[in-house]
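**Q** One structure coming up, written as structure tokens, with questions to follow.
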Amino acid sequence: MASNALADTFFDWGVIAETFPRLISEGLLNTLTIAAGAIVLGVVIALAAAMLLLSNRWWVRLPARLYVDIFRGLPVIITVMLVGVGLPAAGIRPFGTDPLGYAVLAIGIISGAYTAEIFRSGIQSVDPGQLQAARSLGLSYLKAMRLVVVPQGIRRVLPAMTGQFVKDIKESSLVYLLGLAVGQRELYFIAQEEVARTYNSSPLIAAGICYLALTIPMTYFVNYLDRRLREGPRPDKTPASADPDLPTTPLQPAGGEAR
């Protein structure tokens, strides 16, 4: 009896099949839009914050340190409400009345705080000799960081960045609190509406399947990319063709005749 009730509550395949079309046609696209926008915004903020955190001047590091510590310490739900509800209430409306823009901004600010620390640790892990060598070639500090140090640091933290991107996708579910309009609703919002309509939790399982379909392939792809970057290019197994201009007879050893 208990097992049947559990299956009917969470694995009603009729309800799941009824929910999937709306999840795919509307929720999946909006979740990807919010997550992609937040990831791009977070990376831009994180690069700027990481460069400030690496400064030798405390008054340059201070604003970035405050930003990172505050938004890493606040619960995500509070940041979403402060940005999505607090800013419009205070008369600051960069996106007008469109809640989707505030959703991207909120998740992007949070992502930037975490990604800044990832970038900082990756850049600091690069051998200081790399920067010195680049400066000795005539590159300015900023150019040496942009062309030599930062790319190496980012490559070293690819797995950690992937974890943060997966987290951004999952945290996009909290923007339902902003009251997204029809056509803007992401996976969790739609699943929640279906749960209220059917009095069944199976739509949450359907939404969970969609989230897993996004996050698991991303994790494996970046793990593969990281492995390839660490291994370097594969050697060419094709033997090089002989140069017709070179002699085919073996060279005689110096100081003696060939045997």
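The values are calculated or read from the model by the stated rules, or taken from the named source; none is laboratory data. All values derive from a computational prediction rather than experimental measurement. All Cβ positions, even for glycine, are placed from backbone atoms using ideal geometry, and neighbour counts span all protein chains on display. For accessibility, only protein heavy atoms count, side chains too; no ligands or nucleic acids. Shrake-Rupley method; radii C 1.70, N 1.55, O 1.52, S 1.80 Å.
**Q** Ignoring ligands, DNA and RNA, what percent of the 1.4 Å accessible area of the chain is carbon and sulfur? Intermediate results must be reported in sequence, preceding the final value.
**A** Values: 9880 of 15380 Å².
That fraction is 64 percent.
**Q** Hey, what's the chain come to in accessible area per residue, 1.4 Å probe, Å²?
**A** Working: 15380 Å² over 259 residues.
Heavy-atom SASA per residue in the chain reads 59 Å².
**Q** Further, regarding this structure: Identify, among Leu178, Met161, Thr215, the residue whose Cα sits farthest towards the positive end of the charge dipole of segment 110-233, taking +1 on the Cβ of Lys and Arg and -1 on the Cβ of Asp and Glu, with the dipole about the Cα centre.
**A** After comparing all options, I get Met161.
**Q** Could you size up the charge dipole of segment 24-169 around its Cα centre, putting +1 on the beta carbon of Lys and Arg and -1 on that of Asp and Glu, and report it in debye to the nearest 20? Intermediate values should be presented prior to the final figure.
**A** Details: 12 positive and 6 negative charges, 123 e Å.
Using Cβ point charges on Lys, Arg, Asp and Glu, segment 24-169 gives about 580 debye.
**Q** As I understand it, the value is the acute angle between the Cα axis of helix 28-53 and the longest principal axis of the Cα atoms of the chain; what does it come to in degrees, rounded to 10?
**A** 50
**Q** Let me ask another. For segment 1-69, with only Lys/Arg (+1) and Asp/Glu (-1) charged at the beta-carbon, what is the dipole magnitude about the Cα centre, in debye rounded to 20? All intermediate terms of the calculation are to be shown ahead of the outcome.
**A** On the way: 4 positive and 5 negative charges, 143 e Å.
Here the size comes out at about 680 debye.
**Q** Right, something else. Rounded to two decimals, what is Rg over Rh for segment 121-206 when you use alpha-carbon atoms and the Kirkwood radius? Before the final figure, lay out each step's value.
**A** Numbers: Rg = 22.5 Å, Rh = 16.6 Å.
Ratio value, two decimals: 1.36.
**Q** While we're on this one: Taking Cα centroids, how far is segment 1-74 from segment 120-143 in Å?
**A** 32
**Q** On a 0 to 90° scale, report how tilted helix 58-73 is relative to the longest principal axis of the chain, with both axes built from alpha carbons and the result rounded to the nearest 10.
**A** The angle comes out at about 50 degrees.
**Q** So how tilted is helix 13-22 from the main axis of the chain? Cα-based, degrees 0 to 90, rounded to 10.
**A** In the chain, helix 13-22 runs at an angle near 70 degrees to the longest axis.
**Q** Of the listed values (i) 49, 31, 14; (ii) 32, 21, 19; (iii) 44, 18, 17, grab the one calculated as semi-axes √(5λ) of the Cα gyration tensor in Å from the structure here.
**A** Working out semi-axes √(5λ) of the Cα gyration tensor in Å from the coordinates points to (i).
**Q** For segment 1-147, with the dipole built from +1 on Lys and Arg beta-carbon atoms and -1 on Asp and Glu ones, taken about the Cα centre, which of Ala116, Ser55, Ile92 lies farthest toward the positive end?
**A** Ser55
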